[in-house]
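Throughout, read-outs are computed from the coordinates displayed, never taken from laboratory work. Owing to the predicted nature of the structure, the values given are computational and were not obtained by experimental measurement. With ideal geometry, Cβ positions are generated from the backbone for all residues, glycine too; neighbour counts draw on all protein chains shown.
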Amino acid sequence: MPHHSLLDLALVRLDEAAGYLEVDPDVIEKLQYPRETTKVRLMIRMDDGSRKSFLAWRCRYDDTRGPTKGGIRFHPDSNEDEVETLAFWMMFKCAVMNLPYGGGKGAVCVDPRKLSKAELERLSRAYIQAFARIVGPDRDIPAPDVYTNAMIMGWMADEYSQIVGQASPAVITGKPIALGGSVGRNDATARGGYYLVKDLASVLGLEGKMRVAIQGFGNAGQFIASLLAADSHQIVAVSDSTGAVYAPEGLDINLLLQTKADGLPVSSTAGRHGHQLINADDLVTIDADLLVPAALESMIHEGNASHIKAKVILELANGPITPEADKILAEKNITVLPDILANAGGVTVSYFEWVQNKQGYAWTLDEVHERLRTIMVREGRAIFNITQEKHVTWRTAAYIHALARLASAIEAHGTQSFFTS
């Protein structure tokens, strides 16, 4: 079997969706390659006086529908292929939500846990120095991603503002509230997924009290656990990069949140409040109604998909299910609410933050929540209708929905038939 890049696998979704629409060949020609990917080496002075270089990337996949938008991740396994694939997903995610953006993504190949706070600041500022001509409030707008946070976004926005000589809060989203960030941005990814599941519960067969398993107990995982637990659903299992705990009667969420706030792994709660230690790999096979992958790519694959017992999977992570696993899940009639819909609450509230920065006016938390809920419900229902009408999976329906919007934008510039008629 030939080795396919992550982007090749992602492009399969584009072809699949195109099969259900009358799409001009121009559209596929434009969307099957990233528009530009820039690779640089960031040199920073370490605390011990030495200099060290780190590989970094920024990809602007397509800007037909507006400036490119997408996070920056600091991760030791980051590479160009992953960055381009994430930018491709962002393009589709923004189109799913009807946001006036194209897709972008950035990364630095680094383990940020091995840097001091001062080194982290120097690295963050070096990233913007290197990419100052690429990013911009009307060109390419970054945001936080894996192992980056509000404080890092604040440093980056400050560095950009110093370079251009004026305050430019709209260059980056996910900033601290005091520096032009939006209320409601911190839990937006999880909250969007929560609104989606809540609105679609009846069509998904999830009425009543749900048993929930959450893979990845970082930002999104912790917030979705809190939101669902507040609705008296049972969180029966959670995992992080070190291990997992399980409690058939429901885990103690407050204990878990406190443990993570103290910088300890979830596994350290084992033996307290009925928490049992389980293998992190076994989390996805737990008997639950709702499974929430909230960690990294390709966590559900050919090897474990057939053991999944959940009725519904909510993809809060990007690309947590491989195409092979998708086929297995479809055969088992397991509903997958796909990442480009399920976790799009994050980019939606990032869009709200950008709009507020542009107009110099802040919205209230209630306004942010209400607008987010409206968009999640509207697009979720539209995609549900496509699943019914075309008898396709939720993922294919989401891609059809997004591709229709991307195609009409690309076709508005004129297609081959227009120029030859």
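Which GluC sites (Glu not before Pro) does the stretch 5-110 hold that lie in a coil by DSSP with at most 13 other beta carbons within 10 Å? It would help to have the intermediate numbers written out before the result.
On the way: sites: 16, 22, 29, 36, 80, 82, 84; in loops: 22.
The qualifying sites are 22.
For residue 113 and residue 50, calculate 0.36 nm times their separation in residues minus their Cα-Cα distance, and state this gained length in nm to one decimal.
Working: separation 63, 0.36 × 63 = 22.68 nm, distance 1.82 nm.
Stretched fully, the residue 113-residue 50 segment lengthens by 20.9 nm.
Quote the FRET efficiency, to the nearest 0.05, computed for residue 39 versus residue 389 with a Förster distance R0 of 51 Å and r equal to the Cβ-Cβ distance. It would help to have the intermediate numbers written out before the result.
On the way: r = 43 Å, r/R0 = 0.83.
Taking R0 as 51 Å, the efficiency between residue 39 and residue 389 is 0.75.
Given 4 °C and 1.567 mPa s, compute D for the stretch 33-170 with the Stokes-Einstein relation, Rh being the Kirkwood radius over Cα pairs; round to the nearest whole µm²/s.
Numbers: Rh = 14.9 Å.
For these conditions, the coefficient is 87 µm²/s.
Which translational diffusion coefficient, to the nearest whole µm²/s, is obtained for the chain from the Stokes-Einstein equation, given a Kirkwood hydrodynamic radius over C-alpha pairs, 4 °C and 1.567 mPa s?
Working: Rh = 21.9 Å.
Reported coefficient: 59 µm²/s.
By counting other Cβ atoms within 10 Å of each Cβ, how are 376, 299 ranked from fewest to most? Walk me through the numbers before you get to the answer.
On the way: 376 26, 299 23.
Going from least to most buried by this count: 299, 376.
Let me make sure I get this right: for the stretch 265-421, a, b and c are the square roots of the gyration tensor eigenvalues over alpha carbons, sorted descending. Under 1.5 in a/c it's rounded, otherwise prolate if a/b > b/c, else oblate. Which is it? If you can, show how the numbers build up before the last one.
Values: a/c = 2.52, a/b = 1.38, b/c = 1.82.
Taking the square roots of the gyration eigenvalues as a ≥ b ≥ c, the stretch 265-421 is oblate.
How many angstrom separate the Cα center of the stretch 157-182 from the Cα center of the stretch 106-120?
20 Å
Just want the ordering: 399, 361, from fewest to most Cβ atoms lying within 10 Å of their own Cβ. Present the calculation step by step, with values, prior to reporting the outcome.
Details: 399 30, 361 8.
Going from sparsest to densest Cβ surroundings: 361, 399.
Evaluated at 4 °C with a viscosity of 1.567 mPa s, what Stokes-Einstein diffusion coefficient in µm²/s does the stretch 188-342 have when Rh comes from the Kirkwood expression over alpha-carbon pairs?
Values: Rh = 15.1 Å.
This corresponds to a translational diffusion coefficient of 86 µm²/s.
Using only the alpha carbons, work out the radius of gyration and Dmax of the stretch 55-115 in angstrom.
Calculated on Cα positions, Rg and Dmax stand at 12.2, 39 Å.
For a quick check: sort 297, 379 by the number of other beta carbons within 10 angstrom, fewest at the front. Please report the intermediate quantities before stating the final value.
On the way: 297 19, 379 22.
Going from least to most buried by this count: 297, 379.
Could you state the orientation-averaged shadow area of the convex hull built on the Cα atoms of the stretch 175-221, in nm² to one decimal?
Across all orientations, the stretch 175-221 yields a mean hull projection of 4.2 nm².
Determine the percent antiparallel among the DSSP beta bridges restricted to the chain, to the nearest 5. Numbers along the way, then the final one.
Numbers: 24 of 50 bridges.
Roughly 50 percent of the beta bridges in the chain run antiparallel, per DSSP.
In whole Å, what are the Cα extents of the stretch 95-183 along the three principal axes, biggest one first?
39, 31, 28
When the Cα centres of the stretch 210-230 and the stretch 53-83 are compared, how far apart do they sit, in Å?
One Cα centre to the other: 27 Å.
Any chance you could check the Cα centroid distance between the stretch 366-421 and the stretch 267-335 for me, in angstrom?
27 Å
Are there DSSP H segments in the chain that both extend 15 Å or more along their axis (alpha-carbon positions) and score a mean Kyte-Doolittle hydropathy of at least -1.0? List them, or say none.
Values: long enough: 6-18 (19 Å, 1.05); 80-96 (24 Å, 0.48); 117-131 (21 Å, -0.35); 150-164 (21 Å, 0.57); 188-204 (23 Å, 0.49); 219-230 (17 Å, 1.16); 345-359 (21 Å, -0.47); 365-390 (37 Å, -0.59); 394-411 (25 Å, 0.44).
Result, helices passing both filters: 6-18, 80-96, 117-131, 150-164, 188-204, 219-230, 345-359, 365-390, 394-411.
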